[in-house]
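Visitor: Quick one: the structure is below, questions incoming.
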Amino acid sequence: MEQELQSNKGIDDFKTLRETNCYYVDKTRFIRPLLSDPSRVELFTRPRRFGKTLTMSMLRCFFGIDGDAIGPSEEQRRLFEGLEIMRDASFVERHMGQHPVILISLKGVQGLDFGAAVRAIAGLEASVAAKFDFLKDSPRLDDLDKETFEIMKMSRELCKAENSDYLEGFLLKLSTLLCKHFGRQAMVLIDEYDVPLAKAHQNGFHSRMADFYAKFLGLFKTDGTAGPVSKIIMTGCLRVARNQIFTGANNFTPYTVVSQGTIFSTLFGFTPKETADYLAAFGLTGCLELVREHYDGYLFDGDEIFNPWDVAKFVAAAMEAREKAEFMGRKWSAEDAGIAACNYWLGSESTNTTAIKDYVGTLSRDDNQRLQELSDGREVEVGINDSMNYDSLSRHNATDMWSLLLHTGYLTATRVVSGDRCVVKIPNLEIKECFDKSIMASFEETVRHDNSGARLARALLSGDAASATRIIQDLFKSYICLHALASRSRPEIFYEAMLSTLLSTCNGSEIDNLKVEPESGNGYADIAFTSYGGNAAAVVELKVQRAGGRLTVAASEAVRQIVDRNYAEKFVDDPDVETVTAVGIAFCKRICRIKTKTLKGGGIGADHG
């Protein structure tokens with residue numbers, strides 16, 4: 001009986017995916033051009049979750065020699081049965097199962113210090129070597145070769161200082177042994193090569209890791225002879241150039257998110273047709289527009305690309321909903337299932353995303369404005385550095401930040417202006433949500449650190465309009481104002497969220513009982529809070545103006561609204577509250593005006609601002 005087609009729930013191993021009859025978007029048409037590309041070293045950079053690991057696994061399954069027997073195995077033919085590459089029978093006979101292949105994925109390498117990271121790499125190397133255990137009995141290897149191989153299979157041995165050459169030269173040594181055994185050059189696949197460098201930057205040992213990499217990738221170097229390696233294919237998020245780790249690489253070609261004129265633009269990710277076919281296979285054709293809005297929008301060399309992880313997760317969630325309905329005896333259809341496009345990106349940010357947050361508060365006014373325009377759904381032109389380096393991030397060069405946003409998938413290039421300039425946009429609704437929440441989270445963290453919330457609270461409670469105005473406008477100068485979060489019907493909602501976020505950083509220490517839109521008097525105030533201990537209170541009303549000419553008048557009207565509608569009534573009537581201040585704040589973009597009025601306590605009835 002034919003096995004039912006399964007949705008892919010995050011499997012990134014080609015063999016497992018095919019053996020479990022999971023839906024596979026056929027990328028095998030790229031196998032031939034990848035091999036025939038004249039570049040000896042090919043580097044593909046794409047954002048995370050774009051199918052890099054699955055693609056590398058597919059290449060290993062096709063090219064790799066199955067065990068010790070050269071030539072296409074029955075298992076290989078079965079795994080690729082029905083896929084596009086099998087139409088090219090001559091190529092299949094010449095290359096399937098004909099190449100010694102080393103696949104090493106570095107995406108899981110962690111470590112809070114250099115020693116821990118190296119131990120993780122040693123463990124990974126040992127597990128890779130163990131897959132070639134037949135080398136220990138190879139008649140083509142001498143005793144020294146076999147001794148070398150035994151060391152490479154043991155992570156403890158690799159970590160010893162006297163064996164540093166084996167650790168650092170692992171790829172070259174293993175390629176040499178395979179080349180000697182099979183009598184043909186090896187192919188090396190390095191997945192997520194830059195993750196250890198990113199982690200090293202995050203934890204403060206980037207320089208030592210870069211030095212290690214220069215030796216670890218020593219297989220790039222050649223003395224002019226054929227060498228043990230025929231082809232090196234690498235994936236990652238960034239093209240790291242200034243580390244000198246690619247020094248000596250012959251015929252090195254990077255294919256990045258802004259590369260032009262390449263046939264590999266659709267190698268990673270799903271095209272519109274591939275996405276439509278995927279949805280159709282599971283009866284979800286009616287969800288195509290929903291999927292497009294949330295997971296589409298990437299452009300690589302002009303080709304429209306969907307995030308493959310998101311599409312697969314969306315389908316898997318829909319199929320789980322169907323299984324549940326069938327189990328409960330309910331009829332299910334995609335049209336009435338209420339399928340939602342969840343955010344599968346949020347909450348799983350990479351090290352690169354953490355690095356982006358470090359730029360908050362360091363950008364120029366122009367760059368802040370560009371970020372704001374992006375959040376508003378517009379395109380902007382920015383400078384990029386397509387070969388940036390992790391150790392330069394601490395300099396907070398805006399060009400590096402734009403490059404990070406572009407290469408990590410927060411932005412996509414709609415047009416490449418030149419080698420160092422692109423027009424970019426936020427690709428879709430999912431990334432828009434992540435973009436806004438990530439920046440706002442950084443905003444909150446930074447203002448908590450510099451005590452802005454506490455200083456603003458003290459100024460508002462005391463009716464110090466001048467100080468409160470300076471604090472707010474200083475923040476507007478330094479931080480991104482994501483006014484796209486405001487609805488058109490109530491544009492003050494963004495400013496309300498911004499102020500409440502700012503004040504929440506000191507709630508429970510400097511202030512108490514922070515409320516947003518509390519019912520009070522004859523309506524709802526925008527914000528109300530008391531001092532810590534409760535002897536002072538502030539009631540805040542916000543106004544937003546399209547033009548700045550009437551800001552002072554609007555602020556005064558906000559104070560009058562507090563008074564006329566008795567928003568501060570409960571504080572005025574509370575005997576424990578000694579002073580009550582009405583605060584009216586009027587905004588126009590990054591400008592604000594504040595008026596205050598003392599409603600209870602010293603100077604009652606006095607207006608300020």
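Throughout, read-outs are computed from the coordinates displayed, never taken from laboratory work. Keep in mind that what you see is a predicted model, and the values were worked out from it rather than measured. No Cβ is skipped: glycine too gets one built from the backbone with ideal geometry, and neighbour counts run over all protein chains shown.
Visitor: Mind giving me the nanometre distance, one decimal, between the label points for Arg140 and Asp277, set 7 Å out from Cα along Cα→Cβ?
Guide: 3.8
Visitor: Could you give the nm distance between label points at Lys15 and Glu293, where each point is 7 Å from its Cα heading toward the beta carbon?
Guide: For Lys15 paired with Glu293, the spin-label model returns 4.3 nm.
Visitor: If you don't mind, there's one more thing I want to ask. Rounded to the nearest 20 debye, what is the charge dipole size of the chain about its Cα centre when +1 sits on each Lys and Arg Cβ and -1 on each Asp and Glu Cβ? Walk me through the numbers on the way to the answer.
Guide: Working: 72 positive and 84 negative charges, 212 e Å.
So the dipole magnitude of the chain works out to roughly 1020 debye.
Visitor: Can you pull a Stokes-Einstein diffusion coefficient for the chain at 25 °C (0.890 mPa s), Rh from Kirkwood over Cα pairs, as a whole number of µm²/s? Numbers along the way, then the final one.
Guide: Working: Rh = 27.8 Å.
Using the Kirkwood radius from Cα pairs, D works out to 88 µm²/s.
Visitor: Sticking with this structure for a sec: Tabulate in residue order the Karplus-calculated ³J(HN,Hα) for the range 310-327, using 6.51 cos²θ - 1.76 cosθ + 1.60 with θ = phi - 60°, rounded to whole Hz; enter x for Gly and Pro.
Guide: Ordered by residue, 3J(HN,Hα) equals 5, 4, 5, 5, 4, 5, 4, 5, 5, 5, 5, 5, 5, 4, 5, 4, 5, 5 Hz.
Visitor: By a straight-distance test (C-alpha under 24 Å), which lysines pair with Lys136 as possible cross-link partners, with residues fewer than eight away in the same chain excluded?
Guide: Leaving aside lysines fewer than 8 places away in the same chain, those within reach of Lys136 are Lys146, Lys153, Lys160, Lys173, Lys180.
Visitor: Let me ask something else about it. Divide by every residue of the chain the summed helix terms, -39500 (n - 2.57) for each DSSP H run of at least 4, and state the resulting mean residue ellipticity at 222 nm, rounded to the nearest 500 deg cm²/dmol.
Guide: Working: 24 runs with 251 residues, N = 609.
Result for the chain: -12500 deg cm²/dmol, rounded to the nearest 500.
Visitor: Could you line up Cys22, Cys506 from fewest to most neighbouring Cβ atoms inside 10 Å?
Guide: Values: Cys22 16, Cys506 23.
Fewest-to-most Cβ neighbours within 10 Å comes out as Cys22, Cys506.
Visitor: Provide the per-residue ³J(HN,Hα) series for the range 568-575, in order, calculated from phi with Karplus coefficients 6.51, -1.76, 1.60 and θ = phi - 60°, each as a whole number of Hz, with x at glycine and proline positions.
Guide: Couplings: 9, 4, 5, 6, 5, 7, 7, x Hz.
Visitor: List the longest stretch of the chain that has no exposed loop site; here a site is one of the trypsin sites (Lys or Arg not before Pro) assigned by DSSP to anything other than H, G, I, E or B, with at most 10 other Cβ within 10 Å. Before the final figure, lay out each step's value.
Guide: Details: sites that count: Arg330, Lys331, Arg488, Arg546.
No qualifying site falls inside 1-329, the longest such stretch.
Visitor: Quick one: which residues, 5 or more positions from Asp512 or on another chain, have an amide H under 5 Å from its amide H? H modelled 1.01 Å from N in the peptide plane, none for Pro or chain starts.
Guide: Thr530, Ser531, Tyr532
Visitor: Assuming 0.36 nm per residue, please report the length gained on full extension of the stretch Ser467 to Gln260 beyond their Cα-Cα distance. It would help to have the intermediate numbers written out before the result.
Guide: Details: separation 207, 0.36 × 207 = 74.52 nm, distance 5.21 nm.
Net length gain for the segment: 69.3 nm.
Visitor: Under 5 Å between amide hydrogens, which residues at least 5 positions from Ile65 or on another chain qualify, with H placed 1.01 Å from N in the peptide plane?
Guide: When sequence neighbours closer than 5 places are left aside, the close amide H contacts are His99, Val101.
Visitor: Same structure again: What distance in nm separates the two pseudo spin-label positions at Arg29 and Lys215, each 7 Å out from Cα along the beta-carbon direction?
Guide: So the label points at Arg29 and Lys215 sit 4.5 nm apart.
Visitor: Same structure again: So what is the relative contact order for the range 272-336, in percent, with contacts set as C-alpha pairs under 8 Å and at least six apart?
Guide: On the way: 43 pairs, mean separation 19.4, N = 65.
Value for the range 272-336: 30 percent.
Visitor: Roughly what angle does helix 114-130 make with the longest principal axis of the chain, taking Cα atoms, 0 to 90 degrees, to the nearest 10?
Guide: That helix lies at roughly 40 degrees to the long axis.
Visitor: Provide, for q = 0.15, 0.18, 0.23, 0.25 Å⁻¹, the log10 of I(q)/I(0) from a solvent-free Debye sum over equal Cα point scatterers in the range 105-198.
Guide: Taking Cα atoms of the range 105-198 as identical point scatterers yields -0.58, -0.81, -1.21, -1.35.
Visitor: Loop only per DSSP, at most 14 neighbouring Cβ atoms within 10 Å: give me the GluC sites (Glu not before Pro) in the range 64-125, ordered by residue number. Spell out each step's value before the answer.
Guide: On the way: sites: Glu74, Glu75, Glu81, Glu84, Glu93, Glu125; in loops: Glu81.
Qualifying residues, ordered by number: Glu81.
Visitor: Estimate the FRET efficiency between Asp450 and Asp574 by the formula 1/(1 + (r/R0)^6), using the beta-carbon distance for r and 30 Å for R0, to the nearest 0.05. Mind dumping the intermediate values first?
Guide: On the way: r = 32 Å, r/R0 = 1.08.
FRET efficiency, Asp450 to Asp574: 0.40.
Visitor: Counting pairs of alpha carbon atoms under 8 Å apart in space and at least six apart in sequence, what relative contact order in percent does the range 1-115 give? Show your work: numbers first, answer last.
Guide: Working: 108 pairs, mean separation 30.9, N = 115.
Here the relative contact order equals 27 percent.
Visitor: Moving to a separate point now. By a straight-distance test (C-alpha under 29 Å), which lysines pair with Lys543 as possible cross-link partners, with residues fewer than eight away in the same chain excluded?
Guide: The reachable lysines, counting only those whose Cα sits under 29 Å from Lys543, are Lys432, Lys437, Lys477, Lys515, Lys570, Lys589, Lys595, Lys597, Lys600.
Visitor: Now a separate question. I'd like the projected area of the range 272-336, averaged over all directions, using the convex hull of its alpha carbons. Report it in nm² with one decimal.
Guide: Values: hull surface 17.3 nm².
Orientation-averaged projected area of the Cα hull: 4.3 nm².
Visitor: Give me, ordered by chain and number, the residues 5 or more places off Phe300 or on other chains with an amide H under 5 Å from its own placed amide H.
Guide: Ile305
Visitor: Report ³J(HN,Hα) in whole Hz for each residue of the range 104-111, in order, from the Karplus equation J = 6.51 cos²θ - 1.76 cosθ + 1.60 where θ = phi - 60°; Gly and Pro get x.
Guide: Running phi through 6.51 cos²θ - 1.76 cosθ + 1.60 with θ = phi - 60° gives 10, 9, 9, 5, x, 6, 10, x Hz.
Visitor: Give the lysines reachable from Lys27 as a straight Cα distance under 20 Å; neighbours fewer than 8 places away on the same chain don't count.
Guide: Lys9, Lys15, Lys52, Lys231, Lys273, Lys313
Visitor: Moving on. For every other residue with a beta carbon closer than 10 angstrom to the beta carbon of Asp194, add +1 if it is Lys or Arg and -1 if Asp or Glu, then tell me the sum. Spell out each step's value before the answer.
Guide: On the way: positive: Lys107, Lys199, Arg239; negative: Glu192.
Neighbour charge sum, excluding Asp194 itself: +2.
Visitor: While we're looking at this one, here's another question. Under a Cβ-Cβ cut-off of 12 Å, what is the net charge of the residues other than Arg78 that fall near it, where Lys and Arg count +1 and Asp and Glu count -1?
Guide: Values: positive: Lys15, Arg18, Arg77; negative: Glu19, Asp66, Glu74, Glu75, Glu81.
Computed value for this residue: -2.
Visitor: May I ask what percent, to the nearest 5, of DSSP beta bridges between residues of the chain are antiparallel?
Guide: Working: 35 of 66 bridges.
Taking every DSSP beta bridge with both residues in the chain, the antiparallel ones total about 55 percent.
Visitor: Can I ask one more? Convex hull over the Cα atoms of the range 49-176, averaged projected area in nm²?
Guide: Numbers: hull surface 38.0 nm².
Here the figure is 9.5 nm², rounded to one decimal.
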